[in-house]
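What follows is a set of notes on a single structure, which appears directly below.
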Amino acid sequence: MVTSPYNNQTYWRRNLEALEQREPELARQLKCLPASQRFVESRAVDGSPLLGIVLESGQMAALCHTEKPRLEAEQWIRNLGEGFHRNAHVLLLGFGAGYYPMALFELSDNDTSIWIVEPDIDLFAAALHVMDFTKLISASRVRFAVRLPEEQVARLLFSGSNCHRMRGQGIQMALSNVAKGLYAGYIQQLSSAINLSIQTEALKFKTTEIQGKTILSNVLTNLRFMLQGAPFNRLHSAAVGVPAFIIAPGPSLQDALPQITAYRDRALWITIDTAHPILLNNGVSSDLVVSLDFTELNARHFETIENDKTILLAFPGIDPSISERYRGRTFFYDHCGAVNFAPGATQILRSLDGFGSVGGLVSYGSTAHIAMHAARMMGCSPIILIGNDLAFPDEKWYSDGAMQNKLDQPERESELLLSVTSNNDGIVQTSGLYKHYLDTFTELIKGCAAPVYNTSLKGARIEGAPYVDINDILTQYCKYTVDAAFLASSLKPDLGYKHLSLCNDLKILSEACQRANRGFNRLMEQLNEINPAATSFRNDMIKLMKSFFKMLKDEEKAFNLCTTLCSRSTLLILGQGGPSSLFGGDSAQVNQEAYQRCSDFFNDMQRAMKMNGKLFNETALQLKQI
């Protein structure tokens, strides 16, 4: 007999109550849904509830096995293999009638993290009327993504407390035949979105590890220039109501430059370093030039600049040659905690108590984000994006005069480009990295009280920054002369009075790293006595980790400074990929895997402690001689 699934309110109330504790926003959406006529309930051959969907053709299709749905779902999960239910990270697409999610949950171990993605919220609501899913919903290792766009699901996988699982293990995608039939297009788009997110995260992760040593070295070298500069937080609310131009070297800058030059003194000009030489070569300077990138290549943007009086806004991890060029006229900023994988200088700056806070800005990897956030923190209004195309209109990558146009960049030929909507409602090509900047620009704009406008007609559309013709912007908002003298006056006094406390901080950090290094010698001795083939392996590893965590607590600053220098081994021990957990498993082979992960982690950490201890001590001695 076919009935409506909505007749049973008992299961619905139980499931909704459980969902309110875990996913309150999703529960709120479900409460507002009207009953859908697309779903029916009947009984399978074995008497189990059977949920069906009425297709557009008018035919009805079952969302589970019609004879023994529970047994069939359990067999399907077993056939997926241990990679899906033993210490696994799994995305199950399609809630269906609920049998597959329940089977995956019940047959997987407690170390398996499960994402359940259901594009159709009406289907999800109907299923919650059919059976009791409270154990599944209440489990902390189960997460739900319902009625979310593919790109949002992909970003969600890298969020929250389980983000290290995604970075360490990736994710296994389980697709039932029902899901393949209902969501073929969604599956394809989701797979592409996940792959793009993995590439973006891998780039950030690789940046954190490989570049960590260079960034740390740059920061330590730049400390002497920081003593001659000022913290960015002195500029907080210093330009309330002042219009600000955020100038980047996108193709649209070429046409905009003559127009904005006529209004040079009618707005605060904040230019990212890659656009700065273009302006100077056209006879116009900025009020602030913003620098973030640590590379020597980025320093080349400043090589041909002479007699530049612009004030620099810099992340201390930049190439020291830039800091030296702007000696005594630089505001320094740190990264806010909003970015999971910010460059590795943040911890060293936070560990130098003598400096105090220099002021935090969000980058999401982009210098333009820093410039925009700086304008926001200064109170500027409106904030006007110029040359921030974040796309390649007319197949141009940069404005005329950009240094990048002179470089051999073979990746342009091989990079997979993406299509996004432009401000003139067309389609424009962009890169995966620029797409990431687009999305994160939107996140940054959401927190901005001032209006943000985009002036790039053919550039990518940035949500939250509507396109406005540049002439309308100039005539409406740039009516009065802006006095930027507050920038120079805020540079005084410099941070030189903190010289002695900085040297003392570095000495303390060096001693902490030396103590931690000696502690790792003891831990390695303890590890060497553990036998992966012994029945006591698990207990021995637990004792070892207790010793490690005590040392971590005692020397927290030293560990924070070293983690970014050994990201791979840290990620492996956190991700715990494969059949072994942190403390091993059911065989000597599995135990050996856990043992080796621990050994690699300890060795990497010890190398980092030795290197940092030496660097901090040498820097303290050099600063004392100033």
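The values are calculated or read from the model by the stated rules, or taken from the named source; none is laboratory data. What you see is a predicted model; the values in this text were computed from it and never measured. Heads up, the Cβs are rebuilt from the backbone with ideal geometry, glycines too, and the neighbour counts pull from every protein chain shown. Ligands, DNA and RNA are excluded from the accessible area calculation, which covers all protein heavy atoms including side chains. Shrake-Rupley method; radii C 1.70, N 1.55, O 1.52, S 1.80 Å.
Sort 260-270, 297-307 by the packing proxy (mean of other Cβ within 10 Å over each peptide's residues), most packed first.
The peptides rank, most packed first, as 260-270, 297-307.
Sum -39500 (n - 2.57) across every DSSP H segment of at least 4 residues in the chain, then divide by the residue count to get the 222 nm mean residue ellipticity, nearest 500.
-14500 deg cm²/dmol
Work through the residues other than residue 370 whose Cβ is under 12 Å from its Cβ and net out their charges, Lys, Arg +1 and Asp, Glu -1.
After counting each charged neighbour, the total is -2.
On a 1.4 Å probe surface of the protein chains, which of 403, 378, 1 comes out largest in accessible area, and what is the full order?
From most exposed to least exposed: 1, 403, 378.
Accessible area per residue, 1.4 Å probe, Å², for segment 1-139: what's the number?
Dividing the accessible area of segment 1-139 by its residue count gives 46 Å².
Pop the C-beta distance of residue 353 and residue 471 into the FRET formula with R0 = 60 Å and round what comes out to the nearest 0.05.
Efficiency, from the Cβ-Cβ distance: 0.75.
For a bin width of 5 Å, list the pair-distance distribution of segment 67-197 built from all Cα-Cα distances, rounded to whole %.
2, 10, 22, 25, 22, 14, 3, 1, 0
Run the numbers for residue 324 and residue 492: contour at 0.36 nm per residue of separation, minus the present Cα-Cα distance, in nm.
Value of the extension gain: 58.7 nm.
For segment 489-561, which whole-number percentage of the solvent-accessible area (1.4 Å probe, protein heavy atoms only) is attributable to carbon and sulfur atoms?
It is 50 percent, rounded to a whole number.
Return the lysines within reach of residue 435: Cα separation strictly under 20 angstrom, same-chain partners fewer than 8 residues apart disregarded; answer none if there are no such residues.
Straight-line reach from residue 435, under 20 Å: 204, 206, 396, 446, 458.
Enumerate the calculated ³J(HN,Hα) couplings along segment 139-148 in order (Karplus 6.51 cos²θ - 1.76 cosθ + 1.60, θ = phi - 60°), each rounded to whole Hz, writing x wherever the residue is Gly or Pro.
The phi angles translate into 5, 5, 8, 10, 10, 10, 10, 10, 6, 10 Hz.
Against the longest alpha carbon principal axis of the chain, how many degrees, from 0 to 90 and to the nearest 10, is the axis of helix 184-210 turned?
It is inclined by approximately 40 degrees.
Just to verify a number: what accessible area does residue 180 come out at with the full protein assembly present, 1.4 Å probe, Å² rounded to tens?
100 Å²
Could you give me the radius of gyration and the Dmax of segment 433-550, taking only the C-alpha atoms into account and expressing both in angstrom?
Over segment 433-550's Cα set, Rg and Dmax evaluate to 28.6, 79 Å.
Using a 10 Å cut-off on Cβ atoms, rank the peptides 449-460, 279-290, 139-150 from the highest mean neighbour count down.
449-460, 279-290, 139-150
Leaving out ligands and nucleic acids, and using a 1.4 Å probe, what accessible area per residue does segment 436-487 come to in Å²?
With all protein chains present, segment 436-487 gives 48 Å² per residue.
Residue 139 to residue 499: extension gain in nm, 0.36 nm per residue of separation minus the Cα-Cα distance?
Gain in length upon complete extension: 124.4 nm.
What is the gain in length, in nm to one decimal, between residue 300 and residue 621 on full extension, counting 0.36 nm per residue of separation less the C-alpha to C-alpha distance?
In short, 112.6 nm is gained.
Not counting ligands, DNA or RNA, and with a 1.4 Å probe, what is residue 610's accessible surface area in Å² rounded to the nearest 10?
For residue 610, the solvent-accessible surface is approximately 120 Å².
Could you give the angle, 0 to 90 degrees to the nearest 10, between helix 367-378's Cα long axis and the longest principal axis of the Cα atoms of the chain?
So the helix axis and the longest Cα principal axis differ by about 80 degrees.
Looking at [x] 67.2; [y] 32.1; [z] 25.3, which value of mean projected area of the Cα convex hull in nm² comes from a calculation on the structure shown?
Given [x] 67.2; [y] 32.1; [z] 25.3, the structure-derived one carries the label [y].
Round to the nearest 0.05 the FRET efficiency obtained for residue 442 and residue 29 when R0 = 30 Å and r is the Cβ-Cβ distance.
For R0 = 30 Å, the calculated efficiency reads 0.90.
Taking +1 at the Cβ of each Lys and Arg and -1 at the Cβ of each Asp and Glu, which of 188, 294, 336 sits farthest along the dipole of the chain towards its positive end, judged by Cα position relative to the Cα centre?
The residue sitting farthest along the positive end of the dipole is 336.
List the aspartates and glutamates whose alpha-carbon lies under 13 Å from that of residue 546, not counting same-chain residues fewer than 8 positions away?
554
When the accessible area of segment 268-309 is split by element with a 1.4 Å probe, what percent falls to carbon and sulfur?
41 percent
Could you sort 423-434, 358-369 so that the peptide with the highest average Cβ count within 10 Å comes first and the rest follow in order?
So the peptides 423-434, 358-369, ranked by packing, come out 358-369, 423-434.
Could you compute the FRET efficiency for residue 264 and residue 425, with r as their C-beta to C-beta distance and R0 at 35 Å, rounded to 0.05?
Efficiency computed from Cβ-Cβ geometry: 0.65.
Would you work out the charge dipole size for the chain about its Cα centre, treating the Cβ of every Lys and Arg as +1 and the Cβ of every Asp and Glu as -1, and quote it to the nearest 20 debye?
1640 debye
So how far apart, in nm, are the two label points at residue 188 and residue 546 if each is 7 Å from Cα heading toward Cβ?
Here the modelled spin labels are 5.7 nm apart.
Going by amide H atoms built from the backbone, whose H comes under 5 Å of the H on residue 146, apart from near neighbours?
For residue 146, the qualifying residues are 118.
So for the chain, taking the charge dipole from beta-carbon charges (+1 Lys/Arg, -1 Asp/Glu), which of 37, 591, 52 sits furthest toward the positive end?
591
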